[in-house]
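Any read-out appearing in this document is the output of simple, stated calculations on the displayed coordinates, not a laboratory observation. Note that this is a predicted model, so its numbers are computed, not measured. Ideal geometry is used to build each Cβ from the backbone, glycine not excepted, and the neighbour counts take in all protein chains shown.
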Amino acid sequence: MKWGVTGLILLPSAGFACALPPSVILTLPTGHYIAAAAAVVAATALLGAAAHRMPELRSYEVARGVDRFPFAVTTYLAFVGFLGLVLVGVWGPTDPMHNLLTLIFWTGVWIALPLASMVLGNLWAGISPWVAPVRMVRVLLGRRGSVGLARFGHWPAVAGLFGFSWFQMVGMVPDDPRVLAQAALIYWVVVFVAAVAEGEDWLQQGEFLTVLFGMIARIAPLWRDRAGGVVRWQVGLPGAQIVRMAALSASEVAFVTLALAGLTFDGLSETFFWLALIGENPLEFTGRSAVQGVNSVGLIGVWAVTVAAVLGALRLGRALGGGFAVGPVVLSFLAIAAGYHAAHYLVMLLTAGQFTLSALNDPLFRGDAWLGLPPFYVSFGFLSVGWVVTSVYAAQFVAILGAHVLAVVLALRLAGPSRAVAHLPLTALMVGYTVLGLWLLSTARGI
Amino acid sequence: MTTNDLTGQGPSRRMVLTGMGAGLLASAAMPAVVWAQGAPIKLGFQLHRTGIGAAYGHWYERTAQAALKVVNDAGGIAGRPVEIIFEDDGTDPARGAEVVDKLVNQHGVDMVFGPLFSHVVMGSAPRAGELKVPYLVCSEGYHVASGALNRWTLQPGITDVRSQIASMAPWVAANLGKKVTMVYPDYAFGYDHRDFFTAAIAAQGGEVIAQIAIPPTETTFTRYLPQIPAETEVLYHVMVGPAVLTFVKELGEFYGTGPKPQLFGFIDSLEAVDFATPGLEFLEGTHFWEAHNRVKQADAGEFETAYRAAVGVDDNGASVSDAADVATYSHMFSVWETLFVIKAGIEASGYAGPADRQKFVEALEAMTDMPLSAEHPQGAKRFNGKTHQVFGVQNISQVQGGKLMRVHQTTIEDGLYDDAVDYTTMAF
């Protein structure tokens, strides 16, 4: 009775309207913020290109000592923790906001950890749940060789990031603890088998979380270099690590552009603009099941546009008399990826993060206070308080603007000898990206 | 340590003991059902935890937990402890049907309740019908009473939107004016208001002189406001979504300090929103429909007080822990009241397990008056077993000093209409 179902849904009986809360941000003068940010990014690029002098971006060693937290130990503990969380995912509460797997992964690993890594350097390296198991199993098997996965460069990580982005933005139930546990376990096993076959170092190019978090952490002003059981603590301006990186390979460029596109599409797909484009009423969104096809196309489309825009701007730059080799210059986009990640997920951290705190404080839901917090109700009320909304937007503004100014500075450093005018295309792209990023955070959103 | 201890999902020791105690008491009278005592009644809650309904889901869960605690503290249902299993449906109709399936077939629940969004209800109810499981919705949609659903789907906890809208007309016509201009979003929700109110005000000798439908993706309204006829006495507005604050702000700028019509709206526009939010000053003195008064009124009795305390809502309708966290107060009582209807239905039908599901539905269909009580804190209700729809009192509140104060309460009779269906004649 297909006609019957269609007929019923078209009945004018949608008694309940909409739970999208009125948005304070739509009443704020965000257009002024956006114009100012665009002007600052443009001015930075123009002044930098004209001056031919950029900050040195040196790094300084501030301390050196024995590695008291060797990765073999910390990643083993992380592995045990991972297994525990998978069990919680499978056997724990089905409500995603009461399940520590869902909460710790989506707010802890996916948001809080990268945010912390942007300040403190790469923290994922010490808690990757693969390192110790891979090392142990290779030792046990007496395995030293590889199977040649390295020749695929970072493409396995690109595939992993694409699959993950699709799961997150288009998949039906990314929050469902059972589904998340299954997906995590399957992915862990696949990567584990590959890394046992190829070697532990392959994780640096084949495992997308390792690649992504490693890249984002490169903007940190504080980091650690490890070698031979010795840890050297370094400080430097944001970007000091990036200018020392090797030029990116084609697969790494694909990875960086996909990371940018994923964040962009995650924001875009919720906007009234996108929903109108795909013929969805944002006030009566019919749910993920109705938009899986079109959002799959959207994700790929945004990636294609991102690649075309970045490579196009660089080619134009070369045509106008600049160096602008792709490999080094795309490194500057790492700053943008980091800034977008921080700005985009800030509100989710402040909302879903409360569930995480609550669940960590009382993991068995019987009134405990393991973190010493008094019992509290999760509350999103701050999202309708004017000064809070303004402050949150200001923080996002700082993250986006700071990221783009840093990207401009890095691009000026990494572009090689160039005429000033050759910087125009990339500068235009970065101004456009600044505007897009801030607009995504301030426009009307559904879902 | 059992799995239940690990996950915290199982009944607490006290719950089980309470259930066992009640079972012992009951065993003297009904030795035949002793085996069932103590085994928990499992209720599935279809929760809009994520997706467009998340803001409501948040409060619906809180209300359900509060009601559950009250039920279990008082000995459970029919002497058995009660568990609620929450499953997120993503506010998605396709997933909603899967959630119903999962709750019934994997979790083995006795019945399912709690969904709010109409399109999700429409997508999920057929599955409940196929599984022959009682499906109690809290959605205020007219879809139940219209006859669009099935014998297993009932709405015993909240009045539907047709009744809500129609019951407003007498007071609006008598107190605000008879020439009404309606501003509404251009989709099904807006059409309900347009159609039901236009008919209801005509019955009062009034007239809708202009219907201004606004595309749902609009975020600025300045070009629509000049379409409001100058002779308008009442502006009936039901805008919803992120742009509501912009709408109110622009409306204020449009009228400035000059004369303006009376404003009448539905709290759906500003449910869970603090009236102290900047930009809402223009609504001072205007009127809103509320099913349940967000602000505790001077005449509130013990039931209202107990309900607020149990859910953790202060006198202004906000969370006791955060004054900015305003509850979805006009809707969430439906979860509370539905749980107590389930309790009454189970106890009246002698429901002992899934084999008795049909008896449970028949017991609900036999229900009529539900007095104002701890179980029905929003007000007295009258259930229509034929249409599977409950009817109740409605409130009209005025914004006074930034607070919604009741100026009128309708009677149940104000919201009654002719039956469009008799579900009791349908097969199970």
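For the residue pairs B:K132/B:K381; B:K42/B:K343; B:K42/B:K69; B:K178/B:K296; B:K249/B:K403; B:K178/B:K403, the C-alpha atoms sit more than 21 angstrom apart in B:K132/B:K381; B:K178/B:K296; B:K178/B:K403.
Which distance in nm do the two modelled labels at A:L373 and A:A394 give, with both placed 7 Å along the Cα-to-Cβ direction? Going from the A:L373 label point to the A:A394 one covers 2.5 nm.
Compactness ratio for the range A:60-236: Cα radius of gyration over 2.2 N^0.38 Å (N = residue count) comes to 1.07. Taking every alpha-carbon pair under 8 Å whose residues sit at least 6 apart, the range B:330-428 reaches a relative contact order of 19 percent. Placing dummy labels 7 Å off each Cα toward the beta-carbon, the span from B:A174 to A:M172 is 5.2 nm. Bridging of B:K179 to aspartates and glutamates at a Cα separation below 17 Å is possible for B:D195, B:E207, B:E231, B:E233, once same-chain residues fewer than 8 apart are set aside. When each of A:L311, A:L212 is scored by the number of other beta-carbon atoms lying within 10 Å, the sequence from fewest to most is A:L311, A:L212. Scaled against 2.2 N^0.38 Å for its residue count N, the alpha carbon radius of gyration of the range A:370-409 is 1.80. The spread of Cα positions in the range B:63-218, taken along each principal axis and listed from longest to shortest, comes to 55, 35, 29 Å.
What's the whole-number percent of alpha carbon pairs in chain B lying beyond 32 angstrom? Tail of the P(r) past 32 Å holds 37 percent of the pairs. Summary value for the range A:60-236: 39 percent relative contact order, contacts being C-alpha pairs under 8 angstrom separated by 6+ residues. Test of understanding: extend the Cα→C-beta vector of B:A380 to 7 Å, then name every residue of the range B:403-421 with backbone N under 13 Å from that spot. So the set is B:410-414. Of the residues A:T356, A:T351, the one with the fewest other Cβ atoms within 10 Å heads the list, and the complete ranking is A:T351, A:T356.
Alpha-carbon geometry of the protein assembly as shown: the Rg and the Dmax are 29.6, 97 Å, given in that order. Which residues does the label zone of A:V90 cover in the range A:160-178, counting backbone N under 13 Å from a point 7 Å along Cα→Cβ? From the range A:160-178, the list is A:178. With a Förster radius of 51 Å applied to the beta-carbon distance between A:R58 and A:W439, the computed FRET efficiency rounds to 0.90.
Of the chymotrypsin sites (Phe, Trp or Tyr not before Pro) found in the range B:265-315, not one falls in a DSSP loop while having at most 15 other beta-carbon atoms within 10 Å.
With 0.36 nm allotted per residue and the present C-alpha distance subtracted, the A:V66-A:L357 stretch has 101.4 nm of extension available. Computed from the C-alpha gyration tensor, the three semi-axes of the ellipsoid equivalent to chain A are 34, 32, 23 Å, from longest to shortest. Neighbour counts of other Cβ atoms within 10 Å put B:M182, A:M245, B:M370 in the fewest-to-most order A:M245, B:M370, B:M182. Available extension along the chain between A:L83 and A:D201 is 40.3 nm, counting 0.36 nm per residue and deducting the alpha carbon span. Once you divide the Cα radius of gyration of the range A:370-447 by 2.2 N^0.38 Å, the number left is 1.66. Per DSSP H run of n ≥ 4, the term is -39500 (n - 2.57); total these for the protein assembly as shown, divide by its residue number, and report the mean residue ellipticity at 222 nm rounded to 500 deg cm²/dmol. Estimated from H runs of four or more residues: -15000 deg cm²/dmol. Structural size metrics of the range A:185-284, computed from C-alpha coordinates, are Rg and Dmax of 18.8, 59 Å.
Note on B:D315 and A:Q292: the model spin-label points, each 7 Å out from Cα along the C-beta direction, lie 5.2 nm apart. Just how far, in whole angstrom, is the range A:369-422 from the range A:143-161 if you go by their alpha carbon centroids? If you average the Cα positions of each part, the centres end up 33 Å apart.
Under 20 Å from a label point set 7 Å out along the Cα-to-Cβ vector of B:L372, the amide N atoms of the range B:400-423 belong to B:404-416.
If R0 equals 22 Å, the separation of the Cβ atoms of A:L320 and A:A39 corresponds to a calculated FRET efficiency of about 0.50.
Using R₀ = 60 Å, calculate the FRET efficiency as 1/(1 + (r/R₀)^6) where r is the Cβ-Cβ separation of B:K296 and A:A247; round to 0.05. Using R0 = 60 Å, I get an efficiency of 0.35. Extension gain for B:M426 to B:F303 (0.36 nm times residue separation, less C-alpha to C-alpha distance): 40.6 nm.
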